[in-house]
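Read through the structure below, which is laid out as structure tokens, and then see the notes.
The values are calculated or read from the model by the stated rules, or taken from the named source; none is laboratory data. Remember, it's a predicted structure, so these values are computed and weren't measured experimentally. Positions of Cβ are backbone-derived with ideal geometry, glycine not excepted, and every protein chain shown enters the neighbour counts.
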Amino acid sequence: MPQIARFLAPLLLSALLAGSTLAADAAAEKDPLRAVLLESKEKNRGVAIHANGVSINAVVVSVDERYVVARSQQSSRIVIRLDRIDGVSAFF
């Protein structure tokens, strides 16, 4: 029995990780703007958020249904409404 467990544990783990990657790809196709913002949050890497002709360089802290909360070297908290964002450029 332990030999089967040693074989099945890595197999199960790889299947679970592959499933989450596929789900992330589907979410990215559905809403690429939100996907880049969430990737910035997960990787703790910077993005340039373009809103109303202004570019804000920041690292995303959280994303919800209406707002993006980010931080930068100049500001500890930046709150941006999602419906005001024109585009996002990733630095990763």
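Structure notes:
- Filtering the stretch 54-83 to residues that are under 16 Å from Asp31 (Cα atoms) and either in contact (Cβ under 8 Å) with a residue 60 or more places away in the chain or loosely packed, with under 12 Cβ neighbours inside 10 Å (or both) leaves Asp64, Glu65, Arg66, Arg81, Asp83.
- Put simply, of Ser55, Ser75, Ser20, Ser40 the only residue that is in a helix (DSSP H, G or I), at pLDDT 95 or above and of a type in the set (Gly, Ala, Ser) is Ser40.
- Across the stretch 37-53, the qualifying residues are those that are crowded, with 17+ Cβ neighbours inside 10 Å and of a type in the set (D, E, K, R), and the one among them that is farthest from Gln73 (Cα to Cα) is Glu39.
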